[in-house]
Amino acid sequence: MCNPNKNLLTKERIILGIDPGTTIMGFGLIKVTNKKMEFLQLNELQLSKYDNHYQKLKIIFERTIELIETHHPDEIAIEAPFFGKNVQSMLKLGRAQGVAMAAGLSRDIPITEYEPKKIKMAITGNGNASKEQVAKMLQQLLGLKELPKNLDSTDGLAAAVCHHFNSGKVVAGKSYSGWDAFVKQNEDKIRK
């Protein structure tokens with residue numbers, strides 16, 4: 001779905017960045033006109049008040065669709081799950097990411113995944129930067145007046161900015177332009 005309000009003479013695109021999670025899902029939006037970034041929004045979806053994991057997934061899907069219908073992003077950048085020791089936590093995080101991706105794919109929006117280290121490197125120049133360092137750099141880059149208390153929303157915003165910085169470059173993460181591309185790149189995971 002393309003943004004219907006675009007001026008054809010300028011290269012304008014809106015990027016939605018998502019930091020998936022089942023406790024807090026952070027997201028941020030930027031508008032890029034030619035090569036200039038403009039901050040639109042950052043926020044977080046609080047999910048800890050819901051006990052049912054499937055209810056959380058439903059809310060993630062619905063909120064992502066709502067963001068898409070409100071802001072008409074041209075692209076979605078999503079933080080890839082990191083590998084931890086707790087298998088259950090990784091499974092839940094992967095489901096949250098998958099549901100957010102499914103919302104974008106259902107609207108034919110291209111999605112690109114970025115490893116957390118790649119996002120940190122793009123924003124701060126240090127792949128091991130802390131959440132606070134990433135947030136402070138975003139504050140400088142985008143002229144944010146203040147930072148949120150929780151930094152999950154700045155992580156979502158960082159994914160969007162990382163995607164802008166990597167536009168036109170070969171991306172190490174996976175990228176999907178729709179369901180067909182997703183299926184084609186993941187044939188090994190499909191039962192026949």
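For a 28 Å ceiling on Cα separation, which of these pairs sit above it: K58/K145; K49/K131; K35/K85; K56/K145; K31/K85; K31/K136? Numbers along the way, then the final one.
Details: K58/K145 33 Å; K49/K131 24 Å; K35/K85 40 Å; K56/K145 31 Å; K31/K85 37 Å; K31/K136 20 Å.
Listed pairs above 28 Å: K58/K145; K35/K85; K56/K145; K31/K85.
Sort 67-77, 121-131 by the packing proxy (mean of other Cβ within 10 Å over each peptide's residues), most packed first. Before the final figure, lay out the partial values.
Numbers: 67-77: 19.7, 121-131: 15.6.
Top to bottom by mean Cβ count within 10 Å: 67-77, 121-131.
At 1.4 Å probe size, with every protein chain present, just tell me what the per residue accessible area of the range 12-189 comes to in Å².
Working: 9160 Å² over 178 residues.
Here the residues of the range 12-189 average 51 Å² of exposed surface.
For a protection proxy built on the mean count of beta-carbon atoms within 10 angstrom, sort 94-106, 135-147, 53-65, 16-28 highest first, please. Don't jump to the answer; show the numbers that get you there.
Values: 94-106: 20.2, 135-147: 14.7, 53-65: 17.3, 16-28: 25.6.
Order by mean packing, descending: 16-28, 94-106, 53-65, 135-147.
Taking the simple approach of a point 7 Å from Cα along Cα-to-Cβ for both K145 and Q88, what is their distance in nm?
Here the modelled spin labels are 4.3 nm apart.
Taking θ = phi - 60°, what integer Hz values does the Karplus form 6.51 cos²θ - 1.76 cosθ + 1.60 yield along the range 93-110, in sequence order, with x for Gly and Pro?
5, x, 5, 4, 5, x, 5, 5, 5, 4, 4, x, 5, 5, 10, 6, 9, x
Using a Förster distance of 25 Å, how high is the FRET efficiency between K131 and K11, based on the Cβ-Cβ distance and rounded to 0.05?
Numbers: r = 31 Å, r/R0 = 1.25.
Calculated value: 0.20.
Cα centroid distance between the range 77-98 and the range 24-72, in Å?
Cα centres, the range 77-98 to the range 24-72: 17 Å.
Starting from the Cα of K11, draw a straight line to each of the aspartates and glutamates and keep only those under 15 Å, dropping any in the same chain fewer than 8 residues away.
Result set, ordered by chain and number: E38, D74, E75.
Reachable aspartates and glutamates from K117, Cα under 20 Å, same-chain residues fewer than 8 places away excluded?
Within the straight-line cut-off, K117 pairs with D19, E79, E132, D152, D155.
The values are calculated or read from the model by the stated rules, or taken from the named source; none is laboratory data. The structure presented is a predicted model; accordingly, all values stated were derived computationally and were not measured. Glycine gets a Cβ as well: all are built from the backbone with ideal geometry, and neighbour counts include every protein chain shown. Just so you know, the surface numbers come from the protein's heavy atoms only, side chains and all, with ligands and any DNA or RNA stripped out. Shrake-Rupley method; radii C 1.70, N 1.55, O 1.52, S 1.80 Å.
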